[in-house]
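The values are calculated or read from the model by the stated rules, or taken from the named source; none is laboratory data. Note that the coordinates shown come from a computational prediction; the quantities given were computed from them, not determined experimentally. Neighbour counts run over all protein chains shown; Cβ positions are idealised from the backbone, glycine included.
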Amino acid sequence: MMIKPTGCLRRPLKISVKVKPQAKQDMVRKIGPGDYTVWVKAKALEGKANQAVVEVLAEYFGVAKSKIALLKGKKTRNKVFMVER
């Protein structure tokens, strides 16, 4: 029986994100373990900013957009996302 080292396990990552819509550029900054601030150009209107955040996070983590899920905060600036790696 072979046991994988813990570094090889790919567990979903739950992160807290503070969103800053209508920014000059799309950007991600890690501010602590599991805490991020994300700036997006999109307006916080009809879910456009949420979609932009998913796109920016997918690029930041190097995963497909389908691997990023919004868990909490659909209509607030403070959100919780699940990132499958």
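Odds and ends about this structure:
Yes or no, residue by residue, for (1) at pLDDT below 95; (2) surrounded by fewer than 19 Cβ atoms within 10 Å (Cβ to Cβ); (3) charged (D, E, K, R):
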residue: Lys41; (1), (2), (3): no, yes, yes
residue: Glu46; (1), (2), (3): yes, yes, yes
residue: Ala49; (1), (2), (3): no, no, no
residue: Ala52; (1), (2), (3): no, no, no
residue: Glu59; (1), (2), (3): no, yes, yes
residue: Ser66; (1), (2), (3): no, yes, no
residue: Lys72; (1), (2), (3): no, yes, yes
residue: Arg77; (1), (2), (3): no, yes, yes
residue: Met82; (1), (2), (3): no, yes, no
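- Condition met for Arg29 (modelled with pLDDT under 95 and of a type in the set (Lys, Arg)): no
- Selection from the range 24-35 of residues that are out of contact with any Ser or Thr (no Cβ under 7 Å at 6 or more places or on another chain) and closer than 23 Å to Lys14 by Cα: Asp26, Met27, Val28, Lys30, Gly32, Pro33
- Gly32 being surrounded by fewer than 16 Cβ atoms within 10 Å (Cβ to Cβ), small (Gly, Ala, Ser) and closer than 19 Å to Leu71 by Cα: no
- Residue pairs whose Cβ atoms lie under 7 Å apart, separated by 6 or more positions or on different chains, with the first residue in the range 28-40 and more than 18 Å from Thr76 (Cβ to Cβ) and the second among the aromatic types (Phe, Trp, Tyr), are Val28/Tyr36; Val28/Tyr60; Arg29/Tyr36; Lys30/Tyr36.
- Note on the range 59-85: among residues that are touching a helix residue (DSSP H, G or I) at 6+ places or on another chain (Cβ under 6 Å) and among the β-branched types (Val, Ile, Thr), the one that is nearest to Arg11 (Cα to Cα) is Val83.
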